[in-house]
Amino acid sequence: QVQLVESGGGLVQAGGSLRLSCAASGRTVSSYTMGWFRQGPGKEREFVAGISRSGDSIYYADAVKGRFTISRDNAKNTVYLQMNSLKPEDTAVYYCAAVLGAFQYYRDYRTYDYWGQGTQVTVSS
């Protein structure tokens, strides 16, 4: 079992930056493939970024490539999402997700077994 708690969300102007954190408890985060998803108002949950256990494999949704960076600090049991050049369309609740072991299908929400409660990111124009 693992518990995930997101933090770092807030209200920012377009072009600004935020860094989200996902703190894990239970098993060490190094045992898990991790991902970030988001869900905007009236929209379905969509993939944002995924990272392998070691951090050697990273994937991004096309909408965030070049702007967002996923990283992990396994010593701190924490995964991060650095978000730069934020746009109003990035407004959403951002969720951290985890699955024990190594998995190929980072973009599929069905890959993940554990989810955080989410943190709200609002980008004003």
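Some notes on this structure:
- Charge tally in the Cβ shell below 12 Å around ARG45, where Lys, Arg are +1 and Asp, Glu are -1, ARG45 excluded: +1
- Taking other residues whose beta carbon is less than 14 angstrom from the beta carbon of GLY66, and scoring Lys, Arg as +1 and Asp, Glu as -1, yields +1.
- Using the Karplus relation 6.51 cos²θ - 1.76 cosθ + 1.60 with θ = phi - 60°, the per-residue 3J(HN,Hα) values for segment 5-20 come to 10, 8, 8, x, x, x, 9, 9, 7, 3, x, x, 9, 9, 10, 8 Hz, with x marking Gly and Pro.
- Phi angles across segment 97-114 convert, under the Karplus curve 6.51 cos²θ - 1.76 cosθ + 1.60 with θ = phi - 60°, into 3J(HN,Hα) values of 9, 9, 9, 6, x, 9, 9, 8, 8, 4, 7, 9, 4, 5, 5, 9, 9, 10 Hz, Gly and Pro given as x.
- Amide H to amide H, with H built 1.01 Å from N, GLY118 comes under 5 Å of GLU6, CYS96, counting only residues 5 or more places away or on other chains.
- Nearby lysines by direct alpha-carbon distance to LYS76 (threshold 27 angstrom, same-chain neighbours under 8 apart not counted): LYS65
- With K and R counted +1 and D and E -1, the other residues having a Cβ less than 12 Å from that of TYR109 yield a net charge of 0.
- Label-point separation in nm, SER85 to ASP62, each point 7 Å along Cα→Cβ: 1.6 nm
- Rounded to the nearest whole angstrom, the semi-axes of the ellipsoid equivalent to segment 1-44, taken from the Cα gyration tensor as √(5λ), stand at 25, 14, 9, largest first.
- Solvent-accessible area assigned to carbon and sulfur over the chain amounts to 45 percent, based on a 1.4 Å probe.
- Where only C-alpha atoms are counted, convex hull volume of the chain per residue in Å³: 89 Å³
The values are calculated or read from the model by the stated rules, or taken from the named source; none is laboratory data. This is a predicted model, so every value here is computed, not measured. FYI the Cβ positions are ideal-geometry reconstructions off the backbone, even for glycines, and counts take in every protein chain you see. In case anyone asks, the SASA skips ligands and DNA or RNA and just uses the protein heavy atoms, side chains included. Shrake-Rupley method; radii C 1.70, N 1.55, O 1.52, S 1.80 Å.
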